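Undergrad: Pasting a structure here, questions to come.
The values are calculated or read from the model by the stated rules, or taken from the named source; none is laboratory data. On a predicted model such as this, the values are computed, not experimentally measured, just so you know. Glycine gets a Cβ as well: all are built from the backbone with ideal geometry, and neighbour counts include every protein chain shown.
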Amino acid sequence: MCAYVLIAEDNERQAEALRQYLEADGHRAVVVHDGQSALDHALRSAPDLLVLDVMLPVMNGLQVCRRLREGSSVPVLMLTARTEEEDQLVGLELGADDYLTKPYSPRVLAARVRSLLRRAAATPDPGGIRQVGQLTVDPGRHEVTVAGRRVECTRAEFALIDAMSAQPERVFTRLQLLEVINGLDRTSTRRAIDVHVLNLRRKIEADPHRPELLVTVYGVGYKLTGGA
């Protein structure tokens, strides 16, 4: 598929190589070199995907991601030179859909871009609004509401809640949920799922510290239930 990809990378040589590789893969790519420009372009021109380096001048990639998620659900592939697991999880917690650790293979990056674009373009199954307790999931509209209140979800969060609402009370392992979001590096960490679940609980639970909808089944994984 041909997509508009915004690249935010301050290393001009790497940015140009990435632009050329993505254009050779059939996409239209635009490059910016600082975080403020990345945020401005993303909000103004609505790219299909943002490739976002963490270490950007003016505003770093984490700050860009946080600000972007206040009003946009554009898929974000974050690039980081940091290898610490916690640094990678912070990006996911702020709403990134996937990440790659530098140095990376251009072929792997292109595959991740294709995967995120396929997920974003996938036509939801219109077969049915799902009701689980006070939680409502509408795949056709890509909407989640709790007791009538609309909940803004990232694409990864929606993929999780959509899959779990289709089979309420089923216990999903972390590995199965990684399969659902279908973009994260399997070798990275299953803790990425814990971050997405934590974010969802903050959005759908009356008390995220005492979840009643998205609950933990200790030693196994998570399930979606109708609540108390």
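Undergrad: Which residue, of R201, R191, R186, is within 21 Å of C65 (Cα to Cα), among the charged types (D, E, K, R) and modelled with pLDDT under 90?
TA: Result of the check over R201, R191, R186: R191.
Undergrad: Report whether or not E23 is farther than 20 Å from P106 by Cα and either in contact with an Asp or Glu (Cβ under 8 Å, 6 or more places away or on another chain) or surrounded by fewer than 21 Cβ atoms within 10 Å (Cβ to Cβ) (or both).
TA: Criteria not met by E23.
Undergrad: Here's a follow-up. Suppose the filter is surrounded by 23 or more Cβ atoms within 10 Å (Cβ to Cβ), within 21 Å of the chain's Cα centre (by Cα) and farther than 14 Å from L109 by Cβ; does V54 pass it?
TA: Yes.
Undergrad: Something else: Going through the stretch 76-103 one residue at a time, which ones are among the aliphatic types (A, V, I, L, M), under 16 Å from the mean Cα position of the chain (by Cα), within 13 Å of G61 (Cα to Cα) and modelled with pLDDT under 85?
TA: Residues satisfying the conditions are V90, L92, L94.
Undergrad: Continuing with this model, one more query. Quick test for you: out of A111, A166, pick the one residue that is aliphatic (A, V, I, L, M), farther than 22 Å from V197 by Cα and surrounded by fewer than 18 Cβ atoms within 10 Å (Cβ to Cβ).
TA: Answer to the selection: A111.
Undergrad: Given (1) on the phi < 0 side of the Ramachandran plot; (2) in a loop (DSSP other than H, G, I, E, B), identify the lone condition not met by E169.
TA: Unmet for E169, out of (1) on the phi < 0 side of the Ramachandran plot; (2) in a loop (DSSP other than H, G, I, E, B): (1).
Undergrad: Tell me yes or no: at least one residue of the stretch 29-40 is buried (at least 17 other Cβ atoms within 10 Å of the Cβ), within 14 Å of the chain's Cα centre (by Cα) and not assigned by TED's automatic domain parsing to the domain that holds E157.
TA: No.
Undergrad: Also, quick follow-up: Within the set of pairs 6+ apart or on separate chains, which have a first residue in the stretch 98-117 that is closer than 17 Å to V180 by Cβ and assigned by TED's automatic domain parsing to the domain that holds A156, a second that is β-branched (V, I, T) and modelled with pLDDT under 85, and C-beta atoms under 7 Å apart?
TA: Close Cβ pairs (under 7 Å, with a partner that is β-branched (V, I, T) and modelled with pLDDT under 85) do not exist here.
Undergrad: Say we look at the stretch 123-152 and pick out the residues that are touching a residue at least 60 places away in the same chain (Cβ under 8 Å) and assigned to a loop (DSSP other than H, G, I, E, B); which of these is nearest to D194 (Cα to Cα)?
TA: Selected residue: E152.
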